[in-house]
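To start, the structure itself, in structure tokens.
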Amino acid sequence: QVQLLESGGGLVQPGGSLRLSCAADGNTFDIFAMGWFRQIPGKQRDLVAAINHNGATTNYAESVKGRFTISRDNAKKMVYLQMDRLKPEDTAVYYCNTADITLATMRANYPWGQGTQVTVST
């Protein structure tokens with residue numbers, strides 16, 4: 001069973017940047033699209049960025065488009081989320097998992113990790 005470990009979150013001021021990392025184990029990482037999800041307490045977990053199996057295609061929710069960049073390194077079984085020009089509304093726990101590259105469905109196939117907290121505040 002694949003385990004996911006997210007890291008890189010923290011407290012940042014509006015307009016600042018963070019880079020999140022997700023480490024995965026297992027032997028299926030390189031055949032799945034991956035994504036970053038975020039969740040605010042009491043709200044559904046939303047897919048905000050996705051990348052296809054080889055990194056050639058990315059897709060973003062409108063709320064983060066132009067500000068976030070997802071990337072992956074299959075040799076290291078890592079996926080990253082560069083977050084720039086952060087806004088207070090980006091505050092959430094961020095998770096990685098397999099994803100639907102089109103963002104139409106979550107398509108999260110692996111057990112959820114613990115996520116990493118991102119707080120954007122003055």
Sorted from largest down, give the three principal axis spans of the alpha carbons of region 43-108, whole angstrom values. 34, 24, 19
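Could you check what % of the DSSP bridge pairs in the chain are antiparallel, to the nearest 5?
Details: 33 of 36 bridges.
Percentage antiparallel, nearest 5: 90.
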Can you give me the relative contact order of the chain as a percent, contacts being Cα pairs under 8 Å and 6 or more apart? 36 percent
If you plug each phi of region 20-37 into the Karplus form 6.51 cos²θ - 1.76 cosθ + 1.60 with θ = phi - 60°, what whole-Hz ³J(HN,Hα) values come out, in order, with x for Gly and Pro? 8, 10, 10, 9, 10, 10, x, 10, 10, 4, 7, 10, 10, 5, 10, x, 10, 10
Inverse mean reciprocal Cα-Cα distance (Kirkwood Rh) of region 5-63, Å: 13.4 Å
Which value, in Å², gives the accessible area per residue of region 7-99 when a 1.4 Å probe is used on the protein heavy atoms? 47 Å²
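What is the sum of charges, Lys and Arg at +1 and Asp and Glu at -1, for the other residues whose Cβ falls under 11 Å from the Cβ of G115?
+1
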Would you mind telling me which residue in D25, D100, D90 has the biggest mean-square fluctuation in a Gaussian network model of the chain, where springs connect alpha carbons within a distance under 10 angstrom? D25
Virtual spin-label span in nm between R85 and A56, 7 Å along Cα→Cβ: 2.9 nm
Counting only the heavy atoms of the protein chains, how much of V12 is accessible to a 1.4 Å probe, in Å² to the nearest 10? 20 Å²
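If Rh is defined by the Kirkwood formula over all Cα pairs and Rg also comes from Cα, what ratio Rg/Rh do you get for the chain?
For the chain, the value is 0.94.
Nothing charged except the Cβ atoms of Lys and Arg (+1) and of Asp and Glu (-1): what's the magnitude of the dipole of the chain about its Cα centre? Round to the nearest 20 debye.
Details: 12 positive and 10 negative charges, 26 e Å.
Around 120 debye, computed over the chain.
The values are calculated or read from the model by the stated rules, or taken from the named source; none is laboratory data. What you are looking at is a predicted structure, and each value in this text was computed from that prediction instead of being measured. Methodologically, a virtual Cβ is constructed for each residue, glycine included, from the backbone with ideal geometry; neighbour enumeration extends over all protein chains shown. The protein model used for the area step is the full one, side chains on, heavy atoms only, and it has no ligands, DNA or RNA in it. Shrake-Rupley method; radii C 1.70, N 1.55, O 1.52, S 1.80 Å.
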